[in-house]
Every structure is written in structure tokens, then in C-alpha cells.
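The values are calculated or read from the model by the stated rules, or taken from the named source; none is laboratory data. Small disclaimer: the values here were computed from a predicted structure and weren't measured. Methodologically, a virtual Cβ is constructed for each residue, glycine included, from the backbone with ideal geometry; neighbour enumeration extends over all protein chains shown. What goes into the accessible areas is simple: the full protein's heavy atoms, side chains included, and nothing from ligands, DNA or RNA. Shrake-Rupley method; radii C 1.70, N 1.55, O 1.52, S 1.80 Å.
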Amino acid sequence: MRPGGGVKKGGAFERLICKYLSKWVSYGERDDIFWRSAMSGGRATVGLKKGIIRKNQFGDITAIDSMGQEFVNTFVFECKAYKNIKLQSMLFGTPKNDSIYEFWIELHKQTTLLNKDKMLIIRLNNLPILMGLDEDSVFRKVLEDSYGIKPVAIFSNILPVCYLYEFVYVLNLVDPADIVK
């Protein structure tokens, strides 16, 4: 295993995000609405190579309770925990291995195929968790129109445009019923 923690670190981050999302959609009552997708979305990738689209297995998170089903019907969740996500890749639109730009473009390909919104959830070591949404995202429109929440960064020089928000801050303010109606 590499020095940064690799697979263990990624799995732990996905579990943490599942708990955050579960608490959010259940208004603090439950932590078991969402869980990690089979093989962190790998089952969907394997199926796709065989021409099978496993729509709710894409991404890192799936619903294991009906309370979360509308969210996985709407979003593909991709979680990344890295020491360095090469933020400059978003500034210049230059993909690099294990860069936020590379993750964003790959997620865009998946969501275009599935006709879903994308949510890229990123953690850099010792920094707040960030959530990337695109310009047309239902979630982003609710944040702006209903809550007046501004992104911490907008990368408008790349396509699709990426809006970054502080994940926990958003979950603490936004009613999940406003996102999936």
C-alpha cells in the first residue's frame, strides 16, 4: 500500500460520506440510508463493458433504503480523498493522473450516459470536504435560488463548468426535500 493510505483511506471516506448523507436525508435519525456501491462502482463499469447498464451502481454510493432511492436516481456520487487533487488541473483544464479535473471529466461521461446529475465529493488532507456540482445541477440551482449559498470556487474555463461548495456546510443548511421533489 502506498504511504497515503490508498484503498483504506478511500473506503473510510466513502463510509463517512454515506453516514453524512444518511443523517441528512433522515433529518439526523439514521446513518444507514446510503452505503458504498459494489466495488465502488466497479460493478457498473464491468457491466458496461458487457453492454449492461447498471444505472444505480455507478459511482461510489448507492441507496440501501428506499429513503435514499430518489437521490441515487438523480445523482451519481463520486468520492475522492487525496493528499493533493492537483487543483491547478481545473484552472488550466489539463488532466493529470489523480486530479480533480480527471475525476470531474470521468464523472461527466458517466452522468451523460445515465442522464443523471453529478456530485463529486472531495477531501484534501486536513481541509473541509468539498462538493462539486455542475452548472445545470438541480442541487446547485436550489443552493443558489432558495438558500443564497455561493460556491467557494467556480471553474468556468472548463466544460462542464464546476461549482465547488463546502459539503458539510451545505448539508447543515439545506433541507433534502428541496433537492428531490
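Points to keep in mind about this one:
- Only residues that are under 14 Å from THR112 (Cα atoms) and either open to solvent by less than 10 Å² (accessible area, probe 1.4 Å) or in contact with a Lys or Arg (Cβ under 6 Å, 6 or more places away or on another chain) (or both) were counted across segment 64-83, and they come to 3.
- Selection status of THR45, out of contact with any strand residue (DSSP E or B) (no Cβ under 8 Å at 6 or more places or on another chain), modelled with pLDDT of 65 or more, surrounded by fewer than 16 Cβ atoms within 10 Å (Cβ to Cβ) and of a type in the set (S, T, N, Q): no
- Strands (runs of 3 or more DSSP E) fully within segment 96-181 counting 2 or more residues that are touching a helix residue (DSSP H, G or I) at 6+ places or on another chain (Cβ under 8 Å) and among the hydroxyl-bearing types (Ser, Thr, Tyr): 162-166
- All positions within segment 126-153 that are among the hydrophobic types (A, V, I, L, M, F, W, C) and under 19 Å from PRO95 (Cβ atoms): LEU130, ALA153
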